[in-house]
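The values are calculated or read from the model by the stated rules, or taken from the named source; none is laboratory data. Nothing here was measured: the structure is a model prediction, and the numbers come from that model. With ideal geometry, Cβ positions are generated from the backbone for all residues, glycine too; neighbour counts draw on all protein chains shown.
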């Protein structure tokens, strides 16, 4: 009886131990830090290659989107620090200069942030868009083209 | 007018819940049939009141009565009627109203089902339901009142959150999920009722289990429906992102599933009494916690409605329920001793216990990953996120162990297995599993997780098939019925067990779908000029044109593409982007061309807004995704078989006599050989 209890206890300890190790390892490897360009610059070499989320604004007149190669270049800024971002894939549909974005990717030795995902930062509050932001305004030309369709 | 009516109805529901609680608890303690009757009638009353509230709200929504606050926030004259009707659950207050209505419905159903019972359990259970009712109706009367009056009456409203009015599945996924979530409060009420009444024999557990299976089935379908919705709407080609609120619905599912297995150990061996109570209560607490996550706005998520006041109230209620429940368990601890012990290391109960450990470990890991960012931010004011890689890494191995156990547990005998019996039971399934691995390996698959998944899937199917084969041959020995009828008999005579196997089969189908779609998804993002083609995994996609269309509630931009699979024309594909006036970002409607083997999934990413000459499209080839939905459906059917009420011959003496005369037997005897040992019912604890 006692022997069996000992074995059951040992089994329990082994299972719990394995789960704890798995979780600890999983968290250590997969936590993604959210930083601003200033914070990122301060960390510098410490975070080369680590998965990160970088939040800031798209610097006006810095956007270069090449539809052919599918490469998007722009500069992200928090008002203090500017960082070049290189992203693969089309910009999100409402992506525009001056807007808040969160980019997912990693910081490289060459000082460029390589991103695989650009997210337009939006609150969950659905506020009415401002003048000029209205999708119908932006895509007006398209509707006119398709009038009578 | 409607505003006053609705508010009055909600107040009436609250009063009903207060009466139900007081009458139920006092009636239970005093053992007073009149008070129990009052509790039951109050359940009907609250349901009638909530029904009225829902009707008023729907009338206000569909009639565009913007003087009602909720309508002024989620309604608009342009929204199509279908989405207007279902916008009942598209924002905080309405969703709590919907929740309250379902809760009232469950309480009334409970009162109907147990109207003839004279035991002390029923009033206590109703009393416990009443406590939950007071909380939710109280929210509706206080901080989450959807019936507030807006003066002056606005002309129009913004319409529901664009994401929630973009796909018809919004009419299906939330109600299923709510039926599941709220349904979990019924087993909880049974647990509290049993603790209060002090009669902790197995009787309450059978009822609690039945309600649990029903709620579990709704929750499962709700989760799968949510995955489907996400696949059809969010445009990234996936169905599960370990989003905090997806996790919130998954956590109670995990503990409820654990309970559905461990409850059998208690029924057969009288063990795990405290454990089972804790699982039921923990499941309910996790539903509250999930609602708290969704409704308090503390997390960033597609589901998070941003409203803050309700958070602290929820936390308070969660604390109250947790402390109260576990105080009750401590109070009754003298009646929770187990008469049975673990006899053999290899037995069905030990497999169930291992299964439970892993379910709880899974709950813990998912919970930790979900709240870790909150904890880190609170302690170190660093902002972090825990992404899908963590969950995949931790979840997959544990889930695979569960998959394996699914093939082991049902075939093991209770108490103790001899090596000889193990060999006889498992050689066929094991051979099947090994053969599956060998075939898949020869087909060129070298990845470890998919191979293991396929191997275990083959093994589990082998076990299930063996169980059915044994069951059919046992029935044929007894009743000499032809095999197909004997097969159907298994479901009608022991639906609980064989329905459970059907659920297992559905889960295996889903596991295979997950392994395939997770491992062999192909994705390309290309900008195409008009007439240009893109090739991916045997599919060809040609871009034709970009078009735009005004609709009352939105503006739609679509791309027309032609698609071929090899030489076979699949027809026109029209991925769209929908621009809602209230949303900064367009909401995608991907074009999904589905088949059993593969889905072609096209999302319009960007387009030439000037002349419509080029479009950027993301093309994803997703294998075996359809199996997830099919597996989910099988799970639902299995659960239905398991709870389908059958006339039990043993309860009808005249029928039993007739059956006995035919040489049939009233009670289901041995189905598999291991069932021949008479069920050992728990006998510990004082009998009242």
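All of (1) over 27 Å from residue B:163 (Cβ atoms); (2) in contact with a strand residue (DSSP E or B) (Cβ under 6 Å, 6 or more places away or on another chain) hold for residue B:531 with one exception: (2).
Would it be correct to say that residue A:47 is touching a strand residue (DSSP E or B) at 6+ places or on another chain (Cβ under 7 Å) and either farther than 30 Å from residue B:397 by Cα or facing chain B (nearest Cβ under 8 Å) (or both)?
Considered against the rule, which asks whether it is touching a strand residue (DSSP E or B) at 6+ places or on another chain (Cβ under 7 Å) and either farther than 30 Å from residue B:397 by Cα or facing chain B (nearest Cβ under 8 Å) (or both), residue A:47 comes out as no.
Looking across the range B:588-602, the residues that are more than 10 Å from chain A (Cβ to nearest Cβ) and in a strand (DSSP E or B) come down to B:589, B:591, B:592, B:593, B:594, B:598, B:599, B:600, B:601, B:602. When you look at residue B:478, is it part of a helix (DSSP H, G or I), at pLDDT 90 or above and either away from every other protein chain (no Cβ under 14 Å) or out of contact with any helix residue (DSSP H, G or I) (no Cβ under 8 Å at 6 or more places or on another chain) (or both), yes or no? Taking the combined requirement at face value, the residue does not satisfy it. Residue B:374 satisfies every condition listed in (1) free of Cβ contacts under 8 Å to residues at least 60 places away in the same chain; (2) farther than 22 Å from residue B:262 by Cα; (3) outside any strand (DSSP E or B) except (1).
Just to be sure I understand, how many residues within the range A:76-95 are surrounded by 15 or more Cβ atoms within 10 Å (Cβ to Cβ) and assigned to a loop (DSSP other than H, G, I, E, B)? Within the range A:76-95, residues that are surrounded by 15 or more Cβ atoms within 10 Å (Cβ to Cβ) and assigned to a loop (DSSP other than H, G, I, E, B) number 9. Of the residues making up the range B:417-439, at least one is in contact (Cβ under 8 Å) with a residue 40 or more places away in the chain, touching a helix residue (DSSP H, G or I) at 6+ places or on another chain (Cβ under 8 Å) and either within 14 Å of chain A (Cβ to nearest Cβ) or part of a helix (DSSP H, G or I) (or both). Across the range B:582-601, which residue is surrounded by the most Cβ atoms within 10 Å (Cβ to Cβ) among those that are under 15 Å from residue B:625 (Cα atoms) and in contact with a helix residue (DSSP H, G or I) (Cβ under 6 Å, 6 or more places away or on another chain)? Applying the filter and picking the extreme gives B:594. For the structure I just gave you, tell me whether residue B:386 is within 26 Å of the chain's Cα centre (by Cα), surrounded by 15 or more Cβ atoms within 10 Å (Cβ to Cβ) and under 30 Å from residue B:271 (Cβ atoms). No, not satisfied. The residues of the range A:11-38 that are more than 7 Å from chain B (Cβ to nearest Cβ), surrounded by 19 or more Cβ atoms within 10 Å (Cβ to Cβ) and either part of a helix (DSSP H, G or I) or in contact (Cβ under 8 Å) with a residue 24 or more places away in the chain (or both), listed by number, are A:36, A:37.
Could you name every one of the helices (runs of 4 or more DSSP H) located completely within the range B:1-111 that has at least 2 residues being over 31 Å from the mean Cα position of the chain (by Cα) and more than 19 Å from residue B:144 (Cα to Cα)?
B:2-30, B:33-62
Of the residues in the range B:292-311, at least one is assigned to a helix (DSSP H, G or I), modelled with pLDDT of 75 or more, in contact with a helix residue (DSSP H, G or I) (Cβ under 8 Å, 6 or more places away or on another chain) and within 14 Å of chain A (Cβ to nearest Cβ).
Of all the numbered requirements in (1) at the interface with chain A (Cβ under 9 Å from one of its Cβ atoms); (2) within 22 Å of residue B:162 (Cβ to Cβ); (3) not in a strand (DSSP E or B), residue B:605 misses one, and that requirement is (3).
Consider the range A:101-121 and keep the residues that are within 21 Å of residue B:387 (Cα to Cα) and surrounded by fewer than 15 Cβ atoms within 10 Å (Cβ to Cβ). The one that is modelled with the lowest pLDDT is A:121. Summed over the range A:11-50, residues that are closer than 20 Å to residue B:368 by Cα and within 23 Å of the chain's Cα centre (by Cα) total 10. Just one residue in the set B:621, B:617 is within 14 Å of chain A (Cβ to nearest Cβ), out of contact with any helix residue (DSSP H, G or I) (no Cβ under 7 Å at 6 or more places or on another chain) and buried (at least 19 other Cβ atoms within 10 Å of the Cβ); that residue is B:617.
For the range A:53-69, the set of residues classified as closer than 29 Å to residue B:398 by Cβ and more than 10 Å from chain B (Cβ to nearest Cβ) is empty.
Right, residue B:288: more than 25 Å from residue B:383 (Cβ to Cβ) and either modelled with pLDDT of 85 or more or within 12 Å of chain A (Cβ to nearest Cβ) (or both) or not? Taking the combined requirement at face value, the residue satisfies it.
Just give me the residues in the range B:353-375 being in contact with a strand residue (DSSP E or B) (Cβ under 8 Å, 6 or more places away or on another chain) and at the interface with another protein chain (Cβ under 8 Å from one of its Cβ atoms), in sequence order. Selection gives B:369, B:372.
Selection of the range A:39-49 for residues being surrounded by 13 or more Cβ atoms within 10 Å (Cβ to Cβ) and free of Cβ contacts under 8 Å to residues at least 60 places away in the same chain yields A:39, A:41, A:43.
Residues in the range A:71-78 include none that are more than 9 Å from chain B (Cβ to nearest Cβ), modelled with pLDDT of 80 or more and under 30 Å from residue B:368 (Cβ atoms). Within the set B:394, B:386, the sole residue that is modelled with pLDDT of 80 or more, under 28 Å from residue B:500 (Cα atoms), in contact with a helix residue (DSSP H, G or I) (Cβ under 9 Å, 6 or more places away or on another chain) and at the interface with chain A (Cβ under 9 Å from one of its Cβ atoms) turns out to be B:394.
Among B:110, B:139, which is the only one that is crowded, with 18+ Cβ neighbours inside 10 Å and within 16 Å of residue B:47 (Cβ to Cβ)? Only one candidate qualifies: B:110. Taking the criterion of being surrounded by fewer than 18 Cβ atoms within 10 Å (Cβ to Cβ), touching a residue at least 12 places away in the same chain (Cβ under 8 Å) and part of a helix (DSSP H, G or I), would at least one residue in the range B:540-551 satisfy it? Checked the range B:540-551: no residue is surrounded by fewer than 18 Cβ atoms within 10 Å (Cβ to Cβ), touching a residue at least 12 places away in the same chain (Cβ under 8 Å) and part of a helix (DSSP H, G or I).
Going by the conditions given, is residue B:508 buried (at least 19 other Cβ atoms within 10 Å of the Cβ), in contact (Cβ under 8 Å) with a residue 40 or more places away in the chain, in a strand (DSSP E or B) and more than 14 Å from chain A (Cβ to nearest Cβ)?
Values: buried (at least 19 other Cβ atoms within 10 Å of the Cβ): yes; in contact (Cβ under 8 Å) with a residue 40 or more places away in the chain: yes; in a strand (DSSP E or B): no; more than 14 Å from chain A (Cβ to nearest Cβ): yes.
Against the criterion (buried (at least 19 other Cβ atoms within 10 Å of the Cβ), in contact (Cβ under 8 Å) with a residue 40 or more places away in the chain, in a strand (DSSP E or B) and more than 14 Å from chain A (Cβ to nearest Cβ)), residue B:508 does not qualify.
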